[in-house]
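As structure tokens, the structure follows; a few thoughts come after it.
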Amino acid sequence: MSFKYFHVLPAFLLFNIIFAQTEINYSEDSIAPYTLPNLLLLNNRKRVKKIRHWEKRKRPEILKAFENQVYGKIPEIKLNPSFTEIVEESDSALDNTTIRKQVQLVFEKHKRKLTINILLYLPKGIQSPPVFVGYNFYGNQTTTSDENVILSESWVPNKADFGIMENRATENSRGVRSHRWPIKKIINKGFGIATVYCGEIDPDRNNFEDGIHPFFYNDNQNRPNNDEWGTISAWAWGMSRVLDYLKQHKGLGNSEFISFGHSRLGKTSLWAGALDERFALIIANNSGCGGAAIFRRKIGETAAIINGKFPHWFSVNFKKYNNAEHLLPVDQHMLIALIAPRPVYISSAAEDIWADPRGEYLSGYYASPVYELYGKKGLAKPELPQLNSPIHNDIGYHIRQGKHDVTEYDWVQFMKFANKHLKN
Ligand code: GTR
């Protein structure tokens, strides 16, 4: 319909035309036919048949499209911490099984200061353990009942039931998310774990004058340009700075590092893993829209919904694709393919229909041809596997029963998958 007729339409009809497409769809039957951008077709219509062509031509093309059109470009200028300080450490944590370290990375520029607090647990007596690296939502103290963990002093979204009021964490917030972080069990299996509160890198709100972004602005700039980084890219940048630190940590010389994240932080985990090839294995739990779920299916959360609710997560350019997913130069199978040939694990929850479990699975399925180029095994069939029947190929997947969350079942699978695919 042409816009010239709009003035003669009754208001209710106008409303329907504009907003009808943002209605939430949960039914597989009402997915409109869509075509995914071809993973292995070059711009000159030639097919990628060799790893060399993938790595030299197609992969950079896809990466650039994600940077410019989806998450936004991270500045190329390297910013190192001006100093690093171990603020607390113990070699007898968690009933004497664990080394605990709390480390600050302090970044300074333009009279600004940003501090990243890493909470690191390492199993005692194990050389170069594999280490899970992942953000938490409300402060390091929420991940454990360990009373020695320093309370976050940063801005935190209010959550009264979590002991977080007036945007400040209180003692009551200790351990409120510990069910998502079975730290003792992870340590007992020989893994280390490093976690950071994501809001220290960029508070989760639509404000670009706080967090890491202003460190990179030109004079007179007060928000990123259209193709520049949103909050998810900022968080991905932070994952790499944590990795810089861990890489040079005594005793972790030969460790392999696992990028892990749930939900918005699962989106971040995939993007951080795509950008930073030092992550040996990537896990995205219930990552949904902007994570593993295929945008073009438009099941549950869509581009328009996520951009409306969280306008700061993606680049400004990404807003062009509200109700116009078919115009996207990429889709999320390409994000998974950027991780190849490294192992990647996608996990869904049956009741988490907002995140489109089948869409999360299909991105792994459609990324599989790139894994196959490397002689690796992806997901063989387009059908979603049965509940609680994990697949642990080089692309791994499970859908468990239950809600949007991280459960012990999920962790058991993550650790099995890591044990199967990592060297150490
Ligand atoms: C929801 C959002 C999802 C997911 C989730 C979370 O509100 O719509 O994309 O990221 O939050 O992070 O828990």
(request) Could you tell me whether any residue of the stretch 295-316 is more than 16 Å from the ligand (Cβ to nearest atom) and among the hydrophobic types (A, V, I, L, M, F, W, C)? (result) yes
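Per-residue answers, yes or no, for (1) within 16 Å of the ligand (Cβ to nearest atom); (2) buried (at least 17 other Cβ atoms within 10 Å of the Cβ):
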{"position": "Ile186", "(1), (2)": "no, yes"}
{"position": "Lys189", "(1), (2)": "no, yes"}
{"position": "Asn222", "(1), (2)": "no, no"}
{"position": "Asn225", "(1), (2)": "no, no"}
{"position": "Thr231", "(1), (2)": "yes, yes"}
(request) Check off (1) hydroxyl-bearing (Ser, Thr, Tyr); (2) farther than 21 Å from Asp146 by Cα; (3) over 17 Å from the mean Cα position of the chain (by Cα) for Thr231 and give me the number that stays unchecked. (result) (3)
(request) Return a yes/no flag: does the stretch 120-135 have any residue that is more than 26 Å from Lys250 (Cβ to Cβ) and assigned by TED's automatic domain parsing to the domain that holds Lys189. (result) no
(message) With the structure loaded, tell me whether Ala169 is within 23 Å of Ile212 (Cβ to Cβ) and either touching a Gly at 6+ places or on another chain (Cβ under 6 Å) or assigned by TED's automatic domain parsing to the domain that holds His421 (or both) or whether it fails that test.
(response) yes
(message) Suppose we filter the stretch 288-329 for residues that are more than 20 Å from the chain's Cα centre (by Cα) and at positive phi; how many remain?
(response) 1
(message) So Ser287 ticks every box in (1) farther than 12 Å from Glu360 by Cβ; (2) part of a loop (DSSP other than H, G, I, E, B); (3) within 13 Å of the ligand (Cβ to nearest atom) but one. Which box is left unticked?
(response) (1)
(request) Provide a single number: the residues in the stretch 53-72 that are in contact (Cβ under 8 Å) with a residue 40 or more places away in the chain and either buried (at least 19 other Cβ atoms within 10 Å of the Cβ) or over 22 Å from Ile201 (Cα atoms) (or both). (result) 11
(message) Whether any residue in the stretch 258-275 is in contact with a His (Cβ under 9 Å, 6 or more places away or on another chain) and either free of Cβ contacts under 8 Å to residues at least 60 places away in the same chain or more than 25 Å from Tyr321 (Cα to Cα) (or both) is what I want to check.
(response) no
(request) Can you work out which of the residues in the stretch 203-220 that are touching a residue at least 40 places away in the same chain (Cβ under 8 Å) and surrounded by 24 or more Cβ atoms within 10 Å (Cβ to Cβ) is nearest to Lys64 (Cα to Cα)? (result) Ile212
(message) Taking the criterion of being part of a loop (DSSP other than H, G, I, E, B), touching a Leu at 6+ places or on another chain (Cβ under 8 Å) and of a type outside the set (A, V, I, L, M), would at least one residue in the stretch 315-323 satisfy it?
(response) no
(request) Quick one: in the stretch 297-311, of everything that is touching a residue at least 60 places away in the same chain (Cβ under 8 Å) and among the basic types (Lys, Arg), which residue is farthest from Tyr366 (Cα to Cα)? (result) Lys298
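Here's the yes/no breakdown for (1) charged (D, E, K, R); (2) assigned by TED's automatic domain parsing to the domain that holds Gln413; (3) touching a residue at least 24 places away in the same chain (Cβ under 8 Å); (4) out of contact with any Leu (no Cβ under 6 Å at 6 or more places or on another chain):
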| position | (1), (2), (3), (4) |
| --- | --- |
| Leu328 | no, yes, yes, yes |
| Asp331 | yes, yes, yes, no |
| Ser347 | no, yes, yes, yes |
| Asp356 | yes, yes, yes, yes |
| Ser363 | no, yes, yes, yes |
| Tyr374 | no, yes, yes, yes |
(request) Would you check which residues across the stretch 152-186 are under 17 Å from Asp410 (Cβ atoms) and among the aliphatic types (A, V, I, L, M) and list them? (result) Ile183, Ile186
(request) Please tell me if Pro33 is surrounded by 13 or more Cβ atoms within 10 Å (Cβ to Cβ), at pLDDT 95 or above and assigned to a loop (DSSP other than H, G, I, E, B). (result) no
(request) Restricting attention to strands (runs of 3 or more DSSP E) lying wholly within the stretch 81-178, give those where 2 or more residues are surrounded by 14 or more Cβ atoms within 10 Å (Cβ to Cβ) and free of Cβ contacts under 8 Å to residues at least 60 places away in the same chain. (result) 98-109
(request) Can you tell me which residue within the stretch 254-282, out of those that are outside any helix (DSSP H, G or I) and within 15 Å of the ligand (Cβ to nearest atom), is nearest to Thr407 (Cα to Cα)? (result) His262
(message) Which of the numbered conditions does Gln248 fail, given that it passes all the others? Conditions: (1) away from the ligand (no atom under 11 Å from the Cβ); (2) surrounded by fewer than 24 Cβ atoms within 10 Å (Cβ to Cβ); (3) in contact (Cβ under 8 Å) with a residue 12 or more places away in the chain.
(response) (3)
(message) Can you find a residue that is in a helix (DSSP H, G or I) and surrounded by fewer than 23 Cβ atoms within 10 Å (Cβ to Cβ) anywhere in the stretch 348-355?
(response) yes
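The values are calculated or read from the model by the stated rules, or taken from the named source; none is laboratory data. Computed from a prediction, not measured in an experiment: that's the story for all the values here. All Cβ positions, glycine included, derive from the backbone under ideal geometry; neighbour counts span all protein chains shown.
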